[in-house]
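The values are calculated or read from the model by the stated rules, or taken from the named source; none is laboratory data. Since the structure is predicted, the reported quantities are computational estimates derived from the model, not experimental observations. Glycine also receives a Cβ, built like all others from the backbone with ideal geometry; neighbour counts cover every protein chain displayed. Remember, those area values only see protein heavy atoms, side chains included, never the ligands or the DNA or RNA. Shrake-Rupley method; radii C 1.70, N 1.55, O 1.52, S 1.80 Å.
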Amino acid sequence: EVKEPRHTPFKPSAPTNRSRKLKPIKTSWLEKIGDFLVAPAYAAEPPAPQDLAGTQEAPLSQEIIDLANQLGGSPVRLYEFVRNNFRYEPYAGSLKGATQTLKEGGGNEWDQASLLIALFRASGIPARYVVGTVEIPIDKAMSWLGVEDANMAGSLLATLGRATTTIVSGGKISAIQTQHVWVRAYVPFLNSRGAVPGPGDTWVDIDPSFKGQTKTQTLTLTGIPLFDQADYLSTFRLESPLDFYRNQIQVFLNTNASGFLPEALARNLDIVPESFGVIIGQPPYTIRTTIATYSEIPDTHRQKLAITISDPITGEIDLSYTSFLPSIIGKRLTLSYAPATAADETTISAYGDLFSTPAYLVSLKPQLKLDGILVAEGSPVGAGEEERLVFLFNNTINSDQVENIIISGGYYSIGLDVQNVPQIQALSRIDKLRTISDQITAGQPVSLDDHLGELLYMTAMTYHQKLDVATRQIRALHQVVTVRDVSVIMAFVDISVAYLFGAPKSISPAGLIVDLDRNVHTVIPVDGDLGRIKPFMQLIGNQSSYLEHKVLEEIYETQAVSAVKVIQLAHDQGIPVHAITNQNISTILPLLRLSEEVKTDIINAVNSGQEVIVPERDLTVQDWIGVGYIIQDPTGGDGTYRISGGFGGGSTASRLEVAPFLLTIYSFQIAMYRQIELAELALEPELLTLPGPDNIIYTGDDKVYAIIPLTKALKNDLCTEKESENDCTKKYKDPNPEGM
């Protein structure tokens with residue numbers, strides 16, 4: 001079930017009703033070269049041992065040490081590396097830490113500070129975090145945040161829960177004040193301004209997260225069509241919602257700007273690099289107050305995840321686990337069930353495997369593992385019993401809870417995505433699968449968590465990676481800035497339970513499920529046009545649901561279903577599809593031949609002001625019988641995408657064959673290599689429309705370049721030896737080039 005995406009309600013922050021004279025702020029940092037006056041207290045305070053120690057967020061790992069050595073260890077080179085290469089993402093609290101920030105190429109002020117502090121400390125440079133209130137000129141704030149409207153700059157931070165105030169001067173917003181984090185480092189400043197390595201002599205304030213951005217956009221046109229959800233759902237389509245929308249735009253461009261692809265309309269941002277060669281010694285804004293300094297980030301500023309499993313009737317907790325997110329991001333997290341006692345293990349062995357054992361004879365205990373290491377174990381529960389699984393996310397400003405009903409005996413892999421699953425992270429999972437394959441081939445023992453858990457985790461992260469790519473492309477086309485909370489998807493073996501007098505009699509695997517539990521977006525239109533939020537959220541939501549069946553079909557080469565696919569199939573089969581609101585529910589509800597569970601869900605949604613898109617009756621797709629439906633906010637476009645029959649999300653349509661408690665999908669070896677191939681080849685290609693020789697006026701003669709994986713290029717060259725450069729260029733001006 002796609003319970004999200006949703007966007008945080010847009011709440012513009014009101015400017016303060018006051019006008020005051022601002023201190024003049026110089027526009028060039030170079031003008032400050034003569035003003036290197038550092039507070040004496042900074043120089044007088046000696047560093048402490050903890051200012052050089054590795055921490056959870058800023059580890060002194062071999063990767064960090066090697067990078068610091070590669071950069072030469074001078075303070076300015078380390079600073080410019082982080083400042084010039086890592087995009088700013090304005091979420092709250094410490095989330096990624098240095099390692100994940102390095103992999104993703106972006107982070108907020110806490111995480112970019114962690115990366116710089118880790119590099120500093122690995123080079124023998126003492127460093128600390130500083131929290132304070134800063135005042136930023138509005139033009140610099142807009143460039144930093146990637147918006148083009150002064151109101152949107154303050155609103156973006158305020159909507160995310162950041163303590164932010166806008167300041168008015170001369171009737172216009174002139175600056176914003178906001179709580180921020182930067183780095184204070186003890187560097188060799190007096191003689192070299194941090195240009196060379198050496199013992200430190202002065203504490204200086206350095207901010208790697210604050211940077212300007214420039215916009216690149218080939219075409220700027222009015223009247224660009226919006227995503228047509230009703231049209232997309234009207235018939236079954238192989239194309240994704242994003243590709244469908246691209247085709248909508250292409251039709252528009254063929255009339256209004258012939259020769260261009262939709263990506264010519266995309267708004268992209270690039271960091272304005274800074275290469276002074278010295279540490280300036282002052283941040284590019286005014287520090288109004290310093291609240292605190294830390295050698296290590298306190299728990300109150302760390303994002304965390306709590307996982308609990310409880311009895312759905314009594315609420316009694318069976319398992320509890322809490323961790324700060326920087327400690328678990330990028331690691332395989334699995335939830336599985338093991339025999340509760342030695343006697344239970346003996347009973348299961350006597351019957352051959354768990355799925356052949358009468359469920360009422362054995363008890364199981366839930367086990368939570370991180371990269372195969374047990375981190376939490378729960379209380380015994382009967383096989384086939386329902387339990388409530390709760391994810392509680394705390395981003396240091398507010399909390400959000402997601403609930404699921406799981407079955408004792410299932411196998412669940414939990415994939416977390418903080419902002420962007422990078423390709424290198426996907427490739428690292430491929431390496432693990434290859435290692436496992438080699439071990440299996442060599443007859444070496446392989447744990448179930450490494451075997452099945454890794455395959456399911458790879459499925460979850462493949463989904464995240466593909467959705468991340470689509471999200472970046474969609475927001476560029478829709479001219480919005482988005483900040484997403486931590487997303488979670490589960491990939492797991494669905495368990496079917498047979499009951500006898502209300503108690504579980506037997507359990508068996510029913511299929512594979514991917515269920516996007518959380519995908520929360522804060523959406524800010526760069527120019528303040530709020531009308532773009534709804535179509536953006538509808539497109540993201542439809543893409544999320546589409547991928548829930550598409551990823552399963554691509555990886556496991558089998559039919560799968562999702563909410564959008566079931567609605568499309570209903571249209572093709574002539575089954576009426578209704579859009580139910582509080583205005584027509586009394587008329588349509590009697591027509592629905594659906595389960596009472598689904599009807600209750602629809603009634604509750606409509607009563608809360610939502611709109612529901614649902615077929616009139618169940619559909620049959622191979623072994624799967626059920627319905628898919630969308631619960632959507634009619635104003636904001638954010639929605640919940642569900643399928644009936646147990647878990648939501650996407651499900652394989654055929655039942656599974658099993659060996660003793662080891663899932664075999666056609667052939668594990670085939671599935672594994674298919675997964676590796678797809679992870680390498682199925683990364684969605686990016687299309688770039690580059691300017692022609694004049695570099696100013698963009699015309700139909702501008703070349704369009706396609707970035708595709710090398711392995712795909714080797715199998716299907718873009719241009720054959722017989723094609724001229726002109727012919728090849730023309731071929732890839734087509735909106736749907738072969739193989740793209």
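Structural remarks
- Residues satisfying the stated conditions in region 352-368, i.e. farther than 17 Å from GLU387 by Cβ and modelled with pLDDT of 90 or more: THR357, PRO358, LEU361
- In region 397-430, the residues that are under 17 Å from the mean Cα position of the chain (by Cα) and under 20 Å from SER508 (Cβ atoms): SER413
- Some residue of region 301-318 being without any contact (Cβ under 8 Å) to a residue 40 or more places away in the chain, surrounded by 15 or more Cβ atoms within 10 Å (Cβ to Cβ) and either of a type outside the set (D, E, K, R) or more than 19 Å from LEU448 (Cα to Cα) (or both): no
- Screening the candidates SER379, SER336, SER413, SER408 for the property of being over 17 Å from ALA491 (Cα atoms) and polar (S, T, N, Q) yields one hit, SER379.
- None of ILE474, ILE524 is in a helix (DSSP H, G or I) and more than 16 Å from THR640 (Cα to Cα) except ILE474.
- Any hit, region 340-354, residues being surrounded by 20 or more Cβ atoms within 10 Å (Cβ to Cβ) and within 30 Å of THR300 (Cβ to Cβ): no
- The set of residues in region 518-543 that are within 30 Å of TYR556 (Cα to Cα) and surrounded by fewer than 22 Cβ atoms within 10 Å (Cβ to Cβ) contains only VAL520.
- Among residues that are touching a Phe, Trp or Tyr at 6+ places or on another chain (Cβ under 7 Å) and over 30 Å from ALA53 (Cβ atoms), TYR294 is not included.
- Contacts under 7 angstrom Cβ, first residue in region 160-189 being of a type in the set (Lys, Arg), partner open to solvent by 20 Å² or more (accessible area, probe 1.4 Å) and assigned to a strand (DSSP E or B), 6 or more apart: ARG162/GLN179; ARG184/ARG128; ARG184/THR293
- Figure legend. Inter-residue proximity from region 54-72: first residues free of Cβ contacts under 8 Å to residues at least 40 places away in the same chain and over 19 Å from GLY107 (Cβ atoms), second residues crowded, with 19+ Cβ neighbours inside 10 Å and among the basic types (Lys, Arg), beta-carbon distance below 9 Å, spacing 6+ or different chains. No pairs are indicated.
- Every residue from region 375-403 that is open to solvent by less than 70 Å² (accessible area, probe 1.4 Å) and among the β-branched types (Val, Ile, Thr): VAL375, VAL381, VAL390, THR396, VAL402
- Taking the criterion of being among the hydrophobic types (A, V, I, L, M, F, W, C) and over 28 Å from the mean Cα position of the chain (by Cα), the residues of region 615-644 that qualify are LEU619, VAL621, TRP624, ILE625.
- The set of residues in region 227-238 being outside any helix (DSSP H, G or I) and closer than 15 Å to ASP572 by Cβ consists of SER234, THR235, PHE236, ARG237, LEU238.
- Of all residues making up region 579-630, the number that are part of a strand (DSSP E or B) and either under 28 Å from ASP494 (Cβ atoms) or charged (D, E, K, R) (or both): 17
- Extreme residue, surrounded by the most Cβ atoms within 10 Å (Cβ to Cβ), among residues of region 574-618 that are touching a His at 6+ places or on another chain (Cβ under 9 Å) and closer than 20 Å to VAL564 by Cα: VAL614
- Subset of region 209-226 [assigned to a loop (DSSP other than H, G, I, E, B) and open to solvent by 50 Å² or more (accessible area, probe 1.4 Å)]: THR220, LEU221, THR222, GLY223, ILE224, LEU226
- SER506 in contact (Cβ under 8 Å) with a residue 24 or more places away in the chain, touching a strand residue (DSSP E or B) at 6+ places or on another chain (Cβ under 9 Å) and surrounded by 23 or more Cβ atoms within 10 Å (Cβ to Cβ): no
- The single condition among (1) outside any loop (DSSP other than H, G, I, E, B); (2) buried (at least 20 other Cβ atoms within 10 Å of the Cβ) that GLY637 does not satisfy is (1).
- Whether a residue is of a type in the set (Gly, Ala, Ser), more than 25 Å from the chain's Cα centre (by Cα) and either over 30 Å from ILE630 (Cα atoms) or part of a helix (DSSP H, G or I) (or both) was assessed, and SER258 passes this test.
- A single member of ILE224, ILE206 is touching a Leu at 6+ places or on another chain (Cβ under 9 Å) and at pLDDT 95 or above, and it is ILE206.
- Cβ pairs under 9 Å, 6+ apart, first in region 432-443 and within 12 Å of GLU454 (Cβ to Cβ) and open to solvent by less than 60 Å² (accessible area, probe 1.4 Å), second of a type in the set (Asp, Glu) and assigned to a helix (DSSP H, G or I): LEU433/GLU454; ILE436/ASP450; ILE436/GLU454; GLN439/ASP450
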